[in-house]
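Below: one structure, written as structure tokens.
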Amino acid sequence: MANRISIVVVSGTLERLQMAAMVASVGAVSGDEVTVFLSMNALQHFTLGKGEPPAAEGSFGRLLQEKKGPGYRQLFQSAAELGDAKIHPCSMAVDVLGVGADELEPWVGEPLGLTKFLSDAHGGQVWTF
Amino acid sequence: MPERTIIDARGSFCPGPLMELIARLKYGKVGEEFEVLSSDKGSANDIPEWLHKVGHEFLGTREEAGVWHIALRKTK
């Protein structure tokens, strides 16, 4: 039976976005039911064509920036397209940031409220980044 | 030995080689063999684990000059 994995992403730093994307993508392609909830400082890093790239939090993040490897956006896209992960912006964050659906990555789904997210997460693993 | 499709993921880090494999497997035929080339040792451990979990056949791993060759057969 598939595990249910719910991932809350609130940080806008490179290391945390990358780690969240790694958990989402590997979980999703391994048959787990993955739902990602993007909020707070994270959401701005899923908009199209504007904004600064996420800053490194520490030395490891700076190393990551120099290496060739899949970036967090590519991994989240793989999670959605290869593993059927559901990736949603937090409806509060969408309102506060003032972004429209057409301004977010196409693999980001409809805004999701916290009540529904918590209800769906019940009984499964919850990861926070 | 049947011809293998080579997936060259050298230089990428975890989980890049696994994702490249999965993207290619999607369009492969059942029975087709693949060989992933990875310079990331973690992927050499993780890919067989993933194969076991999802049910594709792991054919073996060998290391040559810092590159891991992970062979498998698509079974479904």
Quiz item: Which residues, counting only those in the range A:14-54, are in a loop (DSSP other than H, G, I, E, B) and surrounded by fewer than 18 Cβ atoms within 10 Å (Cβ to Cβ)?
Solution: A:Gly31, A:Leu48, A:Gly49, A:Lys50, A:Gly51, A:Glu52, A:Pro53
Exercise. Select from the range A:92-112 the residues that are among the charged types (D, E, K, R) and modelled with pLDDT of 95 or more and list them in ascending order.
Key: A:Asp95, A:Glu103, A:Glu105, A:Glu110
Quiz item: Out of curiosity, is B:Asp40 touching a Phe, Trp or Tyr at 6+ places or on another chain (Cβ under 7 Å) and either modelled with pLDDT under 95 or within 11 Å of chain A (Cβ to nearest Cβ) (or both)?
Solution: yes
Quiz item: Can you name the number of the only condition in (1) part of a loop (DSSP other than H, G, I, E, B); (2) without any contact (Cβ under 8 Å) to a residue 24 or more places away in the chain; (3) of a type in the set (Val, Ile, Thr) that A:Val96 fails?
Solution: (1)
Quiz item: How many residues, within the range B:23-57, are farther than 18 Å from B:Val67 by Cβ, among the aliphatic types (A, V, I, L, M) and touching a residue at least 24 places away in the same chain (Cβ under 8 Å)?
Solution: 2
Practice problem: Please work out if A:Gly69 is in a loop (DSSP other than H, G, I, E, B) and surrounded by 12 or more Cβ atoms within 10 Å (Cβ to Cβ). | Solution: yes
Practice problem: Restrict the check to the range A:54-69 and report whether at least one residue is within 27 Å of B:Ser39 (Cα to Cα) and in contact with a strand residue (DSSP E or B) (Cβ under 9 Å, 6 or more places away or on another chain). | Solution: no
Self-check item: A:Leu64 being in a helix (DSSP H, G or I) and under 25 Å from B:Asp8 (Cα atoms)
Solution: yes
Exercise. Within the range B:60-68, identify whether any single residue is more than 11 Å from every other protein chain (Cβ to nearest Cβ) and surrounded by 18 or more Cβ atoms within 10 Å (Cβ to Cβ), and answer yes or no.
Key: yes
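Here's the yes/no breakdown for (1) closer than 30 Å to A:Met19 by Cβ; (2) hydrophobic (A, V, I, L, M, F, W, C); (3) not in a helix (DSSP H, G or I):
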{"site": "B:Ile6", "(1), (2), (3)": "yes, yes, yes"}
{"site": "B:Pro17", "(1), (2), (3)": "yes, no, no"}
{"site": "B:Ile22", "(1), (2), (3)": "yes, yes, no"}
{"site": "B:Glu35", "(1), (2), (3)": "yes, no, yes"}
{"site": "B:His52", "(1), (2), (3)": "yes, no, no"}
Exercise. Specify the residue that is surrounded by the most Cβ atoms within 10 Å (Cβ to Cβ); the eligible residues are those in the range A:74-103 that are charged (D, E, K, R) and closer than 18 Å to A:Leu48 by Cβ.
Key: A:Glu103
Practice problem: Specify the residue that is farthest from the other protein chains (Cβ to nearest Cβ); the eligible residues are those in the range A:51-78 that are within 18 Å of B:Ala9 (Cβ to Cβ) and hydrophobic (A, V, I, L, M, F, W, C). | Solution: A:Leu64
Exercise. Answer yes or no as to whether B:His69 is free of Cβ contacts under 8 Å to residues at least 40 places away in the same chain, part of a strand (DSSP E or B) and touching a strand residue (DSSP E or B) at 6+ places or on another chain (Cβ under 7 Å).
Key: yes
Quiz item: under 24 Å from B:Glu20 (Cα atoms) and facing chain B (nearest Cβ under 10 Å): does that describe A:Val36?
Solution: no
Quiz item: What are the residues in the range B:8-35 that are away from every other protein chain (no Cβ under 14 Å) and touching a helix residue (DSSP H, G or I) at 6+ places or on another chain (Cβ under 7 Å), if any?
Solution: B:Phe34
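The values are calculated or read from the model by the stated rules, or taken from the named source; none is laboratory data. Remember, predicted model here, so these are calculated numbers, not experimental data. Heads up, the Cβs are rebuilt from the backbone with ideal geometry, glycines too, and the neighbour counts pull from every protein chain shown.
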